[in-house]
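The values are calculated or read from the model by the stated rules, or taken from the named source; none is laboratory data. None of these values were measured; they are calculated from a predicted model. Please note: Cβ atoms are built from the backbone with ideal geometry, for glycine as well, and neighbour counts cover all protein chains shown.
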């Protein structure tokens, strides 16, 4: 019985015209009937589950095809170029969406089973079908319409790609899964659906544009939301301040609300828009509990009804769709209902720029309708025309005309196609303000991750590590005016700060540390830089140059008519009539009344103020005067009147107090003083004294938002009250700033009026200081909020041989599968998620992405290394420790060898197998083998626990030493192998035996950021000409200069900890210094170092040797020798060591003033003979073996001393076995006697 028709079974049978399939056939193999050009009909029985790749491809006469109702999978090109097929019915069994039948070639188009079926037009589906499989009808150009069954739940990727003539796709309500790639390159298509259907909600979630057939739910009976829910989007403010307001009033059915859980409202806004977190309100209250995830704002719902509002700034006008979805869980199932959807088209025009500048040119940008000309003006003078991009963005640099310090400029944008559409912004030019020119984040030990936050085109993505502090570098123009700088993180409307310090060397402000010292796992939110400027104190009674102010006043404002309307005793009143200033101000006037209170009123100032406070809601506080006394200042206001009083503290009224009243005579649109204040401020033109001195807040709402965001402000009600008073005083100040120059020109400014003005200015400054004590001032521009996406998966590090030997520069590439059983992996397009793929590992070998759900594999590539793949990893859960070892294909090499009296130090280029190192052969200058044992770091292992090392010490044994100044030979052969089992090339070198050498310097340096300090260095016992090399692990933290053999200079650039490595080229000498850059510089403290020429000596019995230690850098520090072991072997007298009997001893030299600083030395005392040196010629070779063989043959007789050294195998018998051991030693087969 045939169940499978094999691959190419009948393929290319050009005369085959008819095929009948048996009842038991289950699979049609790849190319099984390819190019059977005479077949016209195919009818597959209902057992067939698979049609393979190109099974019926290029059957050019095939027109009648019946697919089996059992079909589960159909592979790419199954009916390729079968142009005569005009209709097909898709069975409901075809539900799998494996990528195996999708081939991406020929211009990158997806190739499905009907690719090239140019005649396929009529599509029907078996009743009950739920899935339109992936790429099913891709590249079928004859399809012009298709009816999607109501039972369809999922339309998979690329289902209708390149169906150029498909005009309408009407999606049933039940479709829950739909990828926009399903209609990719269908340029003429319109996708339509019903409002609030699962499909419509899916398109909102996936940012797919659709056309609605309906605009609200027809029936709310089966929904949790009530019909009175309201969703509103206000674009009016966008033209003014670049902000779109969103508000939803929701009402949930009480019974469903109580029975459900995990309730939330999810707002969707345009891609890459910025949400103004400070504007998020729930039932009018400031909101702290919310989540921002890309274009989603998620707020938990705790009450059955309420309202939520927030604002956002769109990044383009390509798509301004917004929506709100109510999501909840009921009876174990997640339900989603649409609270509101807005995709209406609208015309808009915005303009943004810094509202203050110290530069003669400014950059303006904004949004408008697509591809429209925008005319830009400065003070109504045309400057240039720019055209908006496809995204609606425009940008231009404008030069300010006639630059004057303190001058205000009005920048206006006009839609050249519709001149009624305009928007403008005011810019103040002043040389006094600082402007930020640099804002960078250094992370992962600074040198690995540097993010230029000011110039990042999108939110940078960084691997978060709670053990690594943050370091920020900022730079400003006019930094001499700055008092304090802070880096601020705002997450969920809570602000945390790191204070920055000024680095005089670099002229930058640097902040380093954690935003939350009690919780290093705190992940930063939106970042901003905030500062306050140095303040010039204003005191009551201070004089001002009103004539100069009048000169700066605009010509229009000078048209104000000033008249005195009362002058009786202590009361004087003036009227300022603005009718001639402009038509808008016709009939508008302000009366200014000044009253000087004195004893005639019959009360003292304190009682008078008490009466005033009882009558009005007054703000009052003590402020300083010129004569170091205090003045009591109080103010109150209504919509049309402001009252200010000022009096010297503790005085009776006979010494005077002043009351000033500003009263608006309302008319037309100006009914409140606050209405007139901004208009007069613009007309006043000149530099604002208060702005110069106190850096006024320009946005009351922003200040109040920051009050709620700042944990340090505990009494928020009081802070809000002061904020309200501050802004009212600012308005009054603005009015007086406009009026007083006019008064001075007409009548002069009297002392009482000047007293009130300076008091008001000090009052504003005192209130501003109140806020500064609890928070800082934001930089005044629209581009100071910076976001970072912190990545957690897949992430890990790449290493070679052992886990702490990290590899930098490894190319890591992520691949994706939707299902683990899929046979083809997809190269992940990370650009869709504003990430990069591939990545390259940093100096810690680390890499990281933040990926969507699915199965993921990472490919690792580096030149000279074998390519490696990770396993397929499911996400979720997060995959944060994907650590991979790579294997080098390079041959290991000897990097350095140094020989000393009692050991050899060897450094290899690769990690080596320790068991192969023992084949190294060492011989002295007489050809004698030197036995040794291996010493190496056994802590470095791979994940399987196997130990490898790069550096080895070959410590001499069997009482063998070399004499400094002599030579020895080091030989290696191909038995030495790296961890990768690669042999080393043969090596044979004669090397000089050195005295002990050492680099003497400090171990640690503590230095203040911005300081420099010289670190002295001494290299001991290195006689040849040499140089030193010094490197910093992070030049951003500490840079090195002035390197010489005497030392080098450390320059502390920013906070942090860094290792400085000192090396002597062509030697193994290496010294690591740890530098801590903090707030204090301490003197470089170099502890004494003791150096002796050799670490071991050999003496004969009764010999004496002088061992004089050298102490650096303090040569005058004394110490003494002591015996640690072998008290009977040797004796000590000062620096003289005497050998008393054969054996080994260890002595220690300890400094008198530093008990923990010492050096040890081994003393080997031998008898007249060495073990194995039977003929006492100081060599152990074949001559000694010959003597033993002669003795064993009774040809000669050994002395007792010869017998004691001849028993090398320690069996207490001297015979030929001892001779054999000596011969083996002489041949290098063994390295010593046990």
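Picking from residues in region 321-352 that are outside any strand (DSSP E or B) and over 30 Å from residue 366 (Cα atoms), the one that is nearest to the chain's Cα centre (by Cα) is 332. Take residue 1119 and tell me if it is within 21 Å of residue 996 (Cβ to Cβ) and surrounded by 12 or more Cβ atoms within 10 Å (Cβ to Cβ). Against the criterion (within 21 Å of residue 996 (Cβ to Cβ) and surrounded by 12 or more Cβ atoms within 10 Å (Cβ to Cβ)), residue 1119 qualifies. The number of residues in region 878-903 being in a loop (DSSP other than H, G, I, E, B) and within 17 Å of residue 935 (Cα to Cα) comes to 2. Only one of the listed residues (1123, 1073, 1098, 1060) is more than 34 Å from the chain's Cα centre (by Cα) and at pLDDT 90 or above. That residue is 1123. Scanning region 1108-1134 for residues that are in contact with a strand residue (DSSP E or B) (Cβ under 8 Å, 6 or more places away or on another chain), under 27 Å from residue 1016 (Cβ atoms) and assigned to a loop (DSSP other than H, G, I, E, B) yields a total of 4.
In the list 410, 385, which residue meets the criterion of being modelled with pLDDT of 95 or more and surrounded by fewer than 18 Cβ atoms within 10 Å (Cβ to Cβ)?
From the options 410, 385, the qualifying one is 385.
Filtering region 1139-1159 to residues that are under 22 Å from residue 996 (Cα atoms) and surrounded by 13 or more Cβ atoms within 10 Å (Cβ to Cβ) leaves 1144, 1145, 1146, 1147, 1148, 1149, 1150, 1151, 1154, 1157, 1158, 1159. Screening residue 859 with (1) closer than 25 Å to residue 891 by Cα; (2) modelled with pLDDT of 90 or more; (3) within 23 Å of the chain's Cα centre (by Cα) gives one miss only, at (3). Is there any pair linking a residue in region 79-93 that is in contact (Cβ under 8 Å) with a residue 12 or more places away in the chain to one that is surrounded by fewer than 18 Cβ atoms within 10 Å (Cβ to Cβ) and not in a loop (DSSP other than H, G, I, E, B), with Cβ under 7 Å and at least six apart or on different chains, and which? Listed pairs, sorted by first residue: 86/122; 87/122; 89/124. With respect to (1) exposed (fewer than 14 other Cβ atoms within 10 Å of the Cβ); (2) in contact with a strand residue (DSSP E or B) (Cβ under 9 Å, 6 or more places away or on another chain); (3) touching a residue at least 24 places away in the same chain (Cβ under 8 Å), the lone exception for residue 346 is condition (2).
On the given criteria, is residue 600 at pLDDT below 70 and exposed (fewer than 13 other Cβ atoms within 10 Å of the Cβ)? Yes.
Each row is one residue, and each column tells you yes or no for (1) within 19 Å of residue 135 (Cβ to Cβ); (2) surrounded by fewer than 20 Cβ atoms within 10 Å (Cβ to Cβ); (3) modelled with pLDDT under 95.
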{"residue": "15", "(1), (2), (3)": "no, yes, yes"}
{"residue": "23", "(1), (2), (3)": "no, yes, yes"}
{"residue": "34", "(1), (2), (3)": "no, no, no"}
{"residue": "40", "(1), (2), (3)": "no, yes, no"}
{"residue": "53", "(1), (2), (3)": "yes, no, yes"}
{"residue": "61", "(1), (2), (3)": "no, yes, no"}
{"residue": "67", "(1), (2), (3)": "yes, no, no"}
{"residue": "76", "(1), (2), (3)": "yes, no, yes"}
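Only a single item in (1) under 27 Å from residue 410 (Cα atoms); (2) at pLDDT below 85; (3) part of a strand (DSSP E or B) is not met by residue 436, and it is number (2).
Identify the residue in region 562-588 that is under 20 Å from residue 677 (Cβ atoms) and in contact with a strand residue (DSSP E or B) (Cβ under 6 Å, 6 or more places away or on another chain) and, among all such residues, is surrounded by the fewest Cβ atoms within 10 Å (Cβ to Cβ). This residue is 587.
Would you point out which residue out of 1027, 1034 is crowded, with 19+ Cβ neighbours inside 10 Å and outside any strand (DSSP E or B)?
1034
Among the residues of region 486-520, those identified as touching a helix residue (DSSP H, G or I) at 6+ places or on another chain (Cβ under 9 Å) and more than 26 Å from residue 850 (Cβ to Cβ) are 502, 507, 508, 509.
From 40, 1, 60, 8, grab the single residue that is over 30 Å from residue 151 (Cβ atoms), out of contact with any helix residue (DSSP H, G or I) (no Cβ under 8 Å at 6 or more places or on another chain) and without any contact (Cβ under 8 Å) to a residue 24 or more places away in the chain. So the residue among 40, 1, 60, 8 that is over 30 Å from residue 151 (Cβ atoms), out of contact with any helix residue (DSSP H, G or I) (no Cβ under 8 Å at 6 or more places or on another chain) and without any contact (Cβ under 8 Å) to a residue 24 or more places away in the chain is 1. Among the criteria (1) out of contact with any strand residue (DSSP E or B) (no Cβ under 8 Å at 6 or more places or on another chain); (2) at pLDDT 75 or above; (3) farther than 30 Å from residue 889 by Cα, the one residue 733 does not fulfil is (2).
When the helices (runs of 4 or more DSSP H) confined to region 1148-1234 are screened for residues that are free of Cβ contacts under 8 Å to residues at least 12 places away in the same chain, farther than 28 Å from residue 1127 by Cα and out of contact with any helix residue (DSSP H, G or I) (no Cβ under 8 Å at 6 or more places or on another chain), those reaching at least 1 such residues are found at 1182-1192, 1216-1226.
Results for (1) modelled with pLDDT of 80 or more; (2) farther than 27 Å from residue 724 by Cβ; (3) assigned to a strand (DSSP E or B), shown as yes or no for each residue.
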residue: 562; (1), (2), (3): yes, yes, yes
residue: 574; (1), (2), (3): yes, yes, yes
residue: 593; (1), (2), (3): yes, no, yes
residue: 610; (1), (2), (3): no, no, no
residue: 613; (1), (2), (3): no, no, no
residue: 620; (1), (2), (3): no, no, yes
residue: 628; (1), (2), (3): no, yes, no
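Evaluate the following for residue 305: is it more than 27 Å from residue 349 (Cβ to Cβ), outside the structural domain of residue 369 (by TED's automatic domain parsing) and modelled with pLDDT under 95? First the steps, then the outcome.
On the way: more than 27 Å from residue 349 (Cβ to Cβ): yes; outside the structural domain of residue 369 (by TED's automatic domain parsing): yes; modelled with pLDDT under 95: no.
So residue 305 does not fit the description; no.
Residue count for region 929-948, restricted to those that are modelled with pLDDT of 90 or more, in contact with a helix residue (DSSP H, G or I) (Cβ under 9 Å, 6 or more places away or on another chain) and in a strand (DSSP E or B): 2. The set of residues in region 382-406 being farther than 25 Å from residue 475 by Cα and part of a strand (DSSP E or B) consists of 382, 383, 384, 385, 386, 387, 393, 394.
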